[in-house]
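The values are calculated or read from the model by the stated rules, or taken from the named source; none is laboratory data. None of these values were measured; they are calculated from a predicted model. Cβ: placed from backbone, ideal geometry, glycine included. Neighbour counts: every protein chain shown. Only protein heavy atoms, including side chains, enter the accessible area calculation; ligands, DNA and RNA are left aside. Shrake-Rupley method; radii C 1.70, N 1.55, O 1.52, S 1.80 Å.
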Amino acid sequence: MNRNAITTALILTLSACGGSGGSSSSSNSSSNNTQSPAITVSAVYIDACGNESGATDAALIIHNSDYSNKQVIKADTAGKMSYSSNNATETVSLVMRGEFQVDGIKPIALTTYINQPVIDMGKITYRTSDKSACNCQQANLTVNVPSRAADIGNAEFDGQVNQPSVSNHQGFSTAYEVEQCAKVGGEMPLISSHIDFNSPNESFAALFPNINQKDSAEAVIQGSPVNIISADSTRQVAAFIDGDYHLRNFAFRESDSVYSYPIDQIEFYSLDAYNFEDLDYIPNVDSAYMLTAASTRTSNINQTFDLPRVSMDYTELLSILVSDTGSYSLSNSSTFDYMTVSVTGSNPSGAILDWYMYAPTSGNVPKIENIDLSEFISDSDLSARVENLSMGVGARGYDGISSYDDFLRSKVDRKLQDFSQEKWANADLVSFRMRTSVIGMSSIASSITNSMAVNRVDKNNVELKTAKKSVPSLELIKQELMSER
């Protein structure tokens, strides 16, 4: 890997498929059968309504110390894989496939675990948009707000399969072609809506258990402001109901409020104080941003929440990928339990390769160019189809987790409702992400490196152009804050 060139390294992630010369081997057996202990994992696809099926096309790659392939283990008919090892840890990658072809080929979802303990990794899920085995229904939903009949509010909807278009009017809001899907014979999942108003600040909520039976509702559940102390005005509150987050509301200014709602079904709340910086000055990069957040989950919403964020500059995360020494160490390592690196190669038809890596907060920069995916996707397919790259580096830490190893062991079969437990309830997050076109990529490496050097030299110069605070899309913020990977 060229340690001075972030983009060269990331392109190698894509183009080195079959070019590493590693000692890749393939096996149709799901187990070595003779040794123990073993790394075991079950790969499962989950469709749009929660049906689960074994990922029979999944594979587990066991890596050598240089990240070349030591062995490739194919999933059995239940999506299970196993590898016996006398080592305490192994570096492994799990390969899963999308359910639909993108631009004529099956996409790849690749997750790499550095120094994975030799244990049962549990069930690893991949969510798809497949609705073929679901009972789905669609309707236009109208929410009336009698308390603010003369005012126009801003409506948001949670719990539906699709992202509907919403129009706001005096006293009501309408969401068009909202889709609700359930397992055949099962109950429809809840859809929730809240409408926020200004002057004065108020919020009102309504629930839709079954949109085929009820497509309009009176928003009479009034929200109560939640008191979050933070250095930033940007805050988020979400209510956890029936296995999903609902009533997610945001404040982008100090004068705005975030709300809780008196609804018996709410199991706990998720609260975040965050800062979003739009990094529009990195040369030859289409878009980039830095997000830092402090989070807590609680069932006691009637209190004051102090959520100070960790301070970190994006250049520290970026420098991990351009390390000159071949090693890295994240500052505030006592705050964070693990770091992540992600790369998505896509074109207008969708993502072709979605790669995600878990790693310790310090160590040697992985030689990701040696990972061999040639038996899953060819170099020619990637180079011909990938037009854009989205690249990210992040770190997350939980008060109840003591180390990277503890995190990997504790996350086995973790569910969303588990985040209300003391171990996971309080967290810190930093995330840097950039997006650029593949065209002209060879010139970006030096441009980014030079940009980083300028920032290091002139950081104290008040006239230097700095990141600007902006209001990002709600979907982007939801994805970052609620991903919980």
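Remarks
- Qualifying residue in region 207-221 (condition: surrounded by 15 or more Cβ atoms within 10 Å (Cβ to Cβ) and of a type in the set (Lys, Arg)): no
- Qualifying residue in region 343-355 (condition: without any contact (Cβ under 8 Å) to a residue 60 or more places away in the chain, open to solvent by 40 Å² or more (accessible area, probe 1.4 Å) and within 19 Å of Asn69 (Cβ to Cβ)): no
- Some residue of region 257-278 being in contact with a strand residue (DSSP E or B) (Cβ under 6 Å, 6 or more places away or on another chain), over 30 Å from Ser167 (Cβ atoms) and polar (S, T, N, Q): yes
- Hey, Thr361 among the β-branched types (Val, Ile, Thr) and surrounded by fewer than 21 Cβ atoms within 10 Å (Cβ to Cβ) or not: no
- Members of region 381-390 found to be of a type outside the set (D, E, K, R) and within 13 Å of Gly104 (Cα to Cα), listed by number: Leu382, Ala384, Val386
- Flag if Thr335 is of a type in the set (S, T, N, Q), in contact with a Gly (Cβ under 7 Å, 6 or more places away or on another chain) and within 21 Å of Gly394 (Cβ to Cβ): yes
- Residue under evaluation Ser199, criteria (1) at positive phi; (2) within 24 Å of the chain's Cα centre (by Cα), criterion not met: (2)
- Meets criteria (touching a strand residue (DSSP E or B) at 6+ places or on another chain (Cβ under 6 Å), at pLDDT 95 or above, within 14 Å of Ser216 (Cβ to Cβ) and crowded, with 16+ Cβ neighbours inside 10 Å) for Ala155: yes
- Residue check for Ala59: within 30 Å of Ala182 (Cα to Cα), modelled with pLDDT of 95 or more and buried (at least 17 other Cβ atoms within 10 Å of the Cβ): yes
- Flag: Ile195 does not match the condition of being surrounded by 14 or more Cβ atoms within 10 Å (Cβ to Cβ), in contact (Cβ under 8 Å) with a residue 12 or more places away in the chain, in a loop (DSSP other than H, G, I, E, B) and β-branched (Val, Ile, Thr).
- Lone unmet requirement of (1) at pLDDT 90 or above; (2) outside any strand (DSSP E or B); (3) touching a strand residue (DSSP E or B) at 6+ places or on another chain (Cβ under 8 Å) for Ser402: (3)
- So Asp66, is it open to solvent by 30 Å² or more (accessible area, probe 1.4 Å) and under 30 Å from Asn364 (Cα atoms): yes
- The set of residues from region 167-192 being part of a strand (DSSP E or B), open to solvent by less than 60 Å² (accessible area, probe 1.4 Å) and either among the aromatic types (Phe, Trp, Tyr) or farther than 22 Å from Lys131 by Cβ (or both) comprises Ser167, Asn168, Ser173, Thr174.
- Remark: Ile368 matches the filter, which requires a residue to be among the aliphatic types (A, V, I, L, M), under 21 Å from the mean Cα position of the chain (by Cα), crowded, with 18+ Cβ neighbours inside 10 Å and modelled with pLDDT under 85.
- Residue selected from region 46-73 under the condition under 19 Å from Val412 (Cβ atoms) and assigned to a strand (DSSP E or B), by the criterion nearest to the chain's Cα centre (by Cα): Ile46
A quick yes/no check of all residues on (1) assigned to a strand (DSSP E or B); (2) open to solvent by less than 20 Å² (accessible area, probe 1.4 Å); (3) of a type in the set (Val, Ile, Thr):
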site: Met96; (1), (2), (3): yes, yes, no
site: Glu99; (1), (2), (3): no, no, no
site: Ala109; (1), (2), (3): yes, yes, no
site: Asn115; (1), (2), (3): yes, no, no
site: Ile124; (1), (2), (3): yes, no, yes
site: Asn135; (1), (2), (3): yes, no, no
site: Leu141; (1), (2), (3): yes, yes, no
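- Residue in region 274-296 that is under 26 Å from Gln116 (Cβ atoms) and either buried (at least 19 other Cβ atoms within 10 Å of the Cβ) or modelled with pLDDT of 85 or more (or both) present: yes
- Filter pass, Ser230 being modelled with pLDDT under 95, hydroxyl-bearing (Ser, Thr, Tyr) and open to solvent by 10 Å² or more (accessible area, probe 1.4 Å): yes
- The lone criterion from (1) in contact (Cβ under 8 Å) with a residue 24 or more places away in the chain; (2) in a loop (DSSP other than H, G, I, E, B); (3) more than 22 Å from His63 (Cα to Cα) left unmet by Asp76 is number (3).
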